[in-house]
Every structure is written in structure tokens, then in C-alpha cells.
Amino acid sequence: MRRRRHRRDRRHSSTFRALAGTLALTAALSVTTGCKEMRIRVEDGSGKGAGHAAPAPSASLPATPAAPSSHAPAPKPPKPTHAAPKPVLAPGDRSGRVRELQARLRQLKHFDRNPTGYYGSVTAAAVTAFQRAQGLPRTGSADAATLSALRVRTQPPTRDELYPPTTRPVAAPDPRCLTGRVICISKKSDTLAWMVDGKVVSAMDVRFGSQYTPTREGAFGITFKSRHHVSTIYDTPMPYAMFFSGGQAIHYSSDFAARGYSGASHGCVNVRDKKKIAALFQQVKPGTKVVIYR
């Protein structure tokens, strides 16, 4: 009886120990699991796992602009511009004041023509040359300072200086032109002077033939005159023609009047002033001497 009870007690004691061990293991596992959950909650702060951490800021976001430096240099003010002197006389003008300007420039050898009263490219170039020599702004137009400097360095032009017979100065006459009535023509100055006993009665601009049809040089005489002549070779008008050597003549040329020295004749002596050649035509007679020289 005791042995049975003793064996039963031993079984109960063994069962109790086994149950106690199981309870102890369960408690230990519960405590370990609870610490792990606690650690997750503490690290994330939201109850979510570590794999759900907040994304890092994107690298493509614009950077905050830097504040402007207080030490940046201030912009430089624009340089002052000096307006060109206001012209008193300028290209395109036509007046007596332009004629005086040209005469004064000619006294200083800046203008190699006779005064015309027209302010063209030749006058502008002469004014520029004078301004350069005086250290003035080279504008080509005559302002007050330019005119003042010119008056100080020149004399008031005479009437002959202001109103010469041609636009080009007449060359010194050939010795053959100093006696009698002579049509004296200079290839050097491109001028014709009607001279009586060594004095110039009238003068005019002329042009000559080209290198292929040159105007002859030497002493000749007028052979015949033709008021309304037309060339039989070129079929062109030759008003107030005065022939002196074969088919070469002194005559008015509308082409010379229009184009100036950009053209040439076929050997004749062209005149561009119709009134002057008409007056000369009335005074010249057959046999009148003609001298053409360089």
C-alpha cells in the first residue's frame, strides 16, 4: 500500500517538476519576445518595421539661392559721349559762303580747284585735310571752330579769287600764246584760254581724247566752223564746232557737261560750258591760231 502511494507520489512529483519546467520555459520565451517588439517600437517610433524608414531628401531638389554679396562691385556709370560739333557748312550746301570757304582753302593749298560755291566731295576732303593739320575733329563739315581757324590763317578772298573764269586754275600760257589772238589749250590744267595780245579774255574747262584716240599737240589754225555740226563718223552732235586738225575740233559736249572727266572724247577738245563756247564761236575766225600743249 505504501509502495503504491510512494510510487504515485513520485509520479506526481515528476509530473509537477515537468510542468514547472514547461512553465518556466514559456515565461522565458514570453519575456524575450516582448523585448524584441519593444525594441522595434523604440527604433521606428511608429510601430512599423525598420524597412519602412522615411525616404532621404531627393538630390534633384533645387538648392537654396545664395544671398547676394554685400561686397559686390557697383556697376560702372556709362562714359559721357561728346556730340560732334554742329556744322555751319556741310556737303550738299550751295552758297556764297561755300565759295569763300573754297577760296580760303585754296590759299592754304588744301583746295586745288577754283571756287564753285558747291560743297561737294572735293571740298569735304579739303576741309578734312585742314582740320587734320589744325588738330580739329576731322568731320569734313565746316563747324564754327573750323571756320574761325581758317579766317585767322587766310586773307579775305578777292573777287578774282572768288569768281575765276574756270573751275580749274588756268595754267601758265605757252610762249606761242602771248601774241595775237590765240586759243591756248593746256592739257596739264585741262583749260582753254581765249587770249588777245597775251591777256586772258575768257577761259573754260576742257577734256581730251583717250589714249586710243589722243588729241594732237602743237600749233594749228582754225580751218572751218560749223554751228550745228554732227559727226559723220560717230553720228553724234558737235555744236559750235571749230576744226583745227583734220577731223579734230573744239566743240560743246553734252556728255562732258553731264559726266565730267569720267569720260573722254574721240580726239576733239570738249567744252562743257555752252554759253562760253557759244561766245567764243562768235569771235573766232578761220585762220585763228590754236596752241595745244602740256
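If you take the residues of the stretch 132-176 that are aliphatic (A, V, I, L, M) and loosely packed, with under 12 Cβ neighbours inside 10 Å, which of them is farthest from the chain's Cα centre (by Cα)?
Quick first cut of the stretch 132-176, residues aliphatic (A, V, I, L, M) only: 133, 136, 142, 144-145, 147, 149-150, 152, 162, 170-172.
Adding the requirement that they be loosely packed, with under 12 Cβ neighbours inside 10 Å leaves 144, 152, 172.
Details: 144: 25, 152: 32, 172: 41 Å.
My answer is 172.
Helices (runs of 4 or more DSSP H) wholly in the stretch 116-188 with at least 3 residues that are modelled with pLDDT under 95 and not β-branched (Val, Ile, Thr) - which ones? Steps first, please.
Details: elements: 121-134, 144-153, 159-162.
Here the list reads 159-162.
Tell me, which residue of the stretch 126-145 that is in contact (Cβ under 8 Å) with a residue 24 or more places away in the chain and not aliphatic (A, V, I, L, M) is farthest from residue 98 (Cα to Cα)?
It comes out as 137.
Quick test for you: out of 129, 124, pick the one residue that is in contact with a Pro (Cβ under 7 Å, 6 or more places away or on another chain), buried (at least 16 other Cβ atoms within 10 Å of the Cβ) and either of a type outside the set (D, E, K, R) or farther than 20 Å from residue 149 by Cα (or both).
After applying the criteria, what remains is 124.
For the stretch 191-280, please list each of the strands (runs of 3 or more DSSP E) lying entirely inside it that holds at least 1 residues being hydroxyl-bearing (Ser, Thr, Tyr).
On the way: elements: 191-196, 199-207, 218-221, 224-230, 237-245, 248-252, 269-271.
Of the strands (runs of 3 or more DSSP E) lying wholly inside the stretch 191-280, those with at least 1 residues that are hydroxyl-bearing (Ser, Thr, Tyr) span 191-196, 199-207, 224-230, 237-245, 248-252.
Restricting the first residue to the stretch 280-292 and requiring it to be in contact (Cβ under 8 Å) with a residue 40 or more places away in the chain, which pairs with a second residue that is polar (S, T, N, Q) meet a Cβ separation below 8 Å and a spacing of at least six or different chains?
Once the first residue is in contact (Cβ under 8 Å) with a residue 40 or more places away in the chain and sits in the stretch 280-292, its partners that are polar (S, T, N, Q) give 280/202; 286/223; 292/215.
Run residue 235 past the list (1) surrounded by 14 or more Cβ atoms within 10 Å (Cβ to Cβ); (2) modelled with pLDDT under 95 and report the number of the one that doesn't hold.
(1)
The values are calculated or read from the model by the stated rules, or taken from the named source; none is laboratory data. As the structure is a computational prediction, the values presented were derived from the model and not from experiment. Here the Cβ is made from the backbone with ideal geometry for all residues, glycine too, and neighbour counts use every protein chain on show.
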